[in-house]
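Chemist: This structure is in structure tokens; I'll ask about it shortly.
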Amino acid sequence: MTDPTTTEKSAPSPQAAPLHHRPVRSFVLREGRLTAGQQRAFETLWPRFGVDWQPGEPLDLPALFDTPQPVALEIGFGNGESLAAQAAAEAERGPGRNFLGLEVHRPGVGHLLLEIERLDLTNLRVMRADARALLRPPPDGGLPDASLTGVQLFFPDPWPKQRHHKRRIVQPDFMRDVARVLAPGGFFHAATDWAPYAAHMLEVIDALPELYQNTAGRGCFAERPASRPPTKFERRGERLGHRVFDLVYRRR
Ligand SMILES: C[S@@+](CC[C@H](N)C(=O)[O-])C[C@H]1O[C@@H](n2cnc3c(N)ncnc32)[C@H](O)[C@@H]1O
């Protein structure tokens, strides 16, 4: 599998490349070892549940799933346990939504593939890609306008140091890209245990009232929706005594 997070469409010659031209990523790719189970998951489960995508390719979302249903996207699912639990709960309730999970960290992707097998999920697909690349408008991005019923972003890397704030994934341009792929009435749900990042998200998204309505009211955080299972990073934050902030917006 080629790595979509590092593939450039056409690399400029070293002489032509400006010295400062380095993508500012919202993640650091820690390779980490795959367990034997995760290795097997890539070999046997990826062909069924994994989605190969390269920048510039359009993605046919309905064709990815067994049952055509509205699709919610989760960005940065980590080890995928909460996403798998959410997809399982949704399937149990009857016809509802399909889920597409995005993560760049290979062991996390392998872990979620194993969860899909363990829970026998048919409404969840997994992609290894940079969310910022996937959500870009055409011709670079992969998603059609208004193609998603929701986008969720749970405990994104907080990048606490001032000099790293530009790496935070929630920025005005990114939120415009998210708005493009959301269907009218679709939701954007974020959660974080890092209070300064919560304040930053609120400020950025509340400043786009033509695109998003804050369901809790301008300047307010939402109650934690019952549909969000606890995540690994959330439990870590709670052990450290952090408060958790939920933000729920509706696409106008
Ligand atoms: C702090 S972890 C939280 C993981 C999980 N949501 C949880 O709560 O346990 C953030 C995750 O986002 C992933 N990530 C960061 N930037 C990303 C991007 N641009 N596209 C896809 N995944 C990204 C990272 O690899 C990391 O696993």
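The values are calculated or read from the model by the stated rules, or taken from the named source; none is laboratory data. Because the structure is a prediction, the values reported are computed rather than measured. A quick note on method: Cβ atoms are made from the backbone with ideal geometry, for glycine too, and the neighbour counts reach across all protein chains shown. Heavy atoms of the whole protein, side chains included, go into the accessibility calculation; ligands, DNA and RNA do not. Shrake-Rupley method; radii C 1.70, N 1.55, O 1.52, S 1.80 Å.
Chemist: Are any residues in the stretch 144-166 over 14 Å from residue 99 (Cα atoms) and in a loop (DSSP other than H, G, I, E, B), and if so, which ones?
Modeler: Scanning the stretch 144-166 gives 144, 145, 146, 155, 156, 157, 158, 159, 160, 161.
Chemist: Just wondering, is there one or more residues in the stretch 233-246 that are among the small types (Gly, Ala, Ser), without any contact (Cβ under 8 Å) to a residue 24 or more places away in the chain and open to solvent by 20 Å² or more (accessible area, probe 1.4 Å)?
Modeler: Yes, that holds for at least one residue.
Chemist: State all residues of the stretch 170-182 that are more than 15 Å from the ligand (Cβ to nearest atom) and either β-branched (Val, Ile, Thr) or open to solvent by less than 10 Å² (accessible area, probe 1.4 Å) (or both); if no residue qualifies, say none. Before you say what the answer is, go through the steps one by one.
Modeler: Pass one, the stretch 170-182, residues more than 15 Å from the ligand (Cβ to nearest atom): 172, 176, 179-180, 182.
Answer for the stretch 170-182, where residues must be more than 15 Å from the ligand (Cβ to nearest atom) and either β-branched (Val, Ile, Thr) or open to solvent by less than 10 Å² (accessible area, probe 1.4 Å) (or both): 179, 182.
Chemist: For the stretch 113-136, does any single residue satisfy the condition of being assigned to a strand (DSSP E or B), under 23 Å from residue 79 (Cβ atoms) and either at pLDDT below 95 or within 10 Å of the ligand (Cβ to nearest atom) (or both)? Please lay out each step first, then the result.
Modeler: From the stretch 113-136, those assigned to a strand (DSSP E or B) are 124-128; that's our starting set.
With under 23 Å from residue 79 (Cβ atoms) added as a condition, the list becomes 124-128.
Of the ones still in play, those that are also either at pLDDT below 95 or within 10 Å of the ligand (Cβ to nearest atom) (or both) are 127-128.
Scanning the stretch 113-136, I find at least one residue that is assigned to a strand (DSSP E or B), under 23 Å from residue 79 (Cβ atoms) and either at pLDDT below 95 or within 10 Å of the ligand (Cβ to nearest atom) (or both), so the answer is yes.
Chemist: Applying the selection to the stretch 176-219, what residues are in a helix (DSSP H, G or I) and either free of Cβ contacts under 8 Å to residues at least 12 places away in the same chain or in contact with a helix residue (DSSP H, G or I) (Cβ under 7 Å, 6 or more places away or on another chain) (or both)?
Modeler: 199, 203, 204, 205
Condition check ((1) under 15 Å from residue 23 (Cα atoms); (2) more than 10 Å from the chain's Cα centre (by Cα); (3) among the polar types (S, T, N, Q); (4) open to solvent by 50 Å² or more (accessible area, probe 1.4 Å)) across all residues:
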| position | (1), (2), (3), (4) |
| --- | --- |
| 122 | no, yes, yes, yes |
| 138 | no, yes, no, yes |
| 154 | no, no, no, no |
| 161 | no, yes, no, yes |
| 168 | yes, yes, no, no |
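Chemist: Follow-up. crowded, with 21+ Cβ neighbours inside 10 Å and closer than 27 Å to residue 62 by Cα: does that describe residue 185?
Modeler: Details: crowded, with 21+ Cβ neighbours inside 10 Å: no; closer than 27 Å to residue 62 by Cα: yes.
Here the answer is no, as residue 185 does not meet what is asked.
Chemist: Kindly check whether there is at least one residue in the stretch 220-230 that is open to solvent by less than 20 Å² (accessible area, probe 1.4 Å), part of a loop (DSSP other than H, G, I, E, B) and of a type in the set (D, E, K, R).
Modeler: Within the stretch 220-230, one or more residues are open to solvent by less than 20 Å² (accessible area, probe 1.4 Å), part of a loop (DSSP other than H, G, I, E, B) and of a type in the set (D, E, K, R).
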